[in-house]
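Novice: The structure follows.
The values are calculated or read from the model by the stated rules, or taken from the named source; none is laboratory data. None of these values were measured; they are calculated from a predicted model. FYI the Cβ positions are ideal-geometry reconstructions off the backbone, even for glycines, and counts take in every protein chain you see. Just the protein is used for accessible areas: all its heavy atoms, side chains included, with ligands, DNA and RNA removed. Shrake-Rupley method; radii C 1.70, N 1.55, O 1.52, S 1.80 Å.
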Amino acid sequence: MRQKTNSGAVRVMRDTMGRVRQEISIQRLLEWAFADECASVDFEDEGTLAVGYGHIGNAQRMADRGLLGCPIDGGGRSYPDADADLVAAAVAVLPEGCGGRGMALQIAELARARRVPDAMVGKRVRCVPVGWRQNQHGGRAATQVIGQGVDCSGRKVKKYEVLVCPVSYTHTARDIARARRNYLQWRLALMELRQTFVSYNNLSRWTVSSALPSRAPWQNSI
């Protein structure tokens, strides 16, 4: 049986503990947590980290406040789902080998926008004129004088202007390589997160599938 959710079509499954959970990819799980549930990444002090991989999040805070036996006044913001809080906690403690805090923030930002990193798919290095000039015959590359030359091939010496066409390079090889390295590191971080949830198996609503974003989407554009 399949059901439609905000995270797309997912498969309903029952695990060995009898929990009914929906199968979802790690990318869709992140989008659900940060876009749908509005979870946030909190980099808390080492002393406030919970045992395992995450910080003490909203679910724990709600439980602690429940011990008071009465509601706390103030604020109108609802807490994210407990699973979304676990997702945010796992993202917050990404290892440095997967990009650390910088990658954690990028993952959250991209998930909220339901986007992937720009891998410059289809982009090529191009050499283009810096400027253009228009006349009655159409457009032509702008040039500039850098000096004078002498033509002694004829009976009379002639002087002429030496012109160059200033150019610039768009989507340089360095820019494309940097963007694709970032995409690959983002995908590596998603692999790390997927393995985390497969190992802990502690989400109440979801079971994370093996699906991952394309390894090299730029290869499909060649």
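Novice: (1) modelled with pLDDT of 80 or more; (2) open to solvent by 60 Å² or more (accessible area, probe 1.4 Å); (3) of a type in the set (A, V, I, L, M, F, W, C); (4) in contact with a strand residue (DSSP E or B) (Cβ under 6 Å, 6 or more places away or on another chain): which one isn't true of A141, the others all being true?
Specialist: (2) is the only condition that A141 fails.
Novice: Additional query: For the stretch 54-101, what are the residues that are modelled with pLDDT of 55 or more, touching an Asp or Glu at 6+ places or on another chain (Cβ under 9 Å) and assigned to a loop (DSSP other than H, G, I, E, B)?
Specialist: Those that are modelled with pLDDT of 55 or more, touching an Asp or Glu at 6+ places or on another chain (Cβ under 9 Å) and assigned to a loop (DSSP other than H, G, I, E, B): Y79, P80, D81, L94, P95.
Novice: While we're here: Can you name every residue in the stretch 102-142 that is touching an Asp or Glu at 6+ places or on another chain (Cβ under 9 Å) and free of Cβ contacts under 8 Å to residues at least 40 places away in the same chain?
Specialist: Once the filter is applied, which keeps residues that are touching an Asp or Glu at 6+ places or on another chain (Cβ under 9 Å) and free of Cβ contacts under 8 Å to residues at least 40 places away in the same chain, the stretch 102-142 yields only R115.
Novice: Tell me, yes or no, whether the stretch 174-190 has at least one residue that is over 29 Å from E96 (Cβ atoms), under 29 Å from the mean Cα position of the chain (by Cα) and open to solvent by less than 70 Å² (accessible area, probe 1.4 Å). If you could, list the steps in order and put the result at the bottom.
Specialist: From the stretch 174-190, those over 29 Å from E96 (Cβ atoms) are none; that's our starting set.
So far as the stretch 174-190 goes, no, none of its residues is over 29 Å from E96 (Cβ atoms), under 29 Å from the mean Cα position of the chain (by Cα) and open to solvent by less than 70 Å² (accessible area, probe 1.4 Å).
Novice: Right, next: Report, by residue number, each residue of the stretch 159-188 that is closer than 21 Å to L30 by Cα and of a type in the set (S, T, Y).
Specialist: Y183
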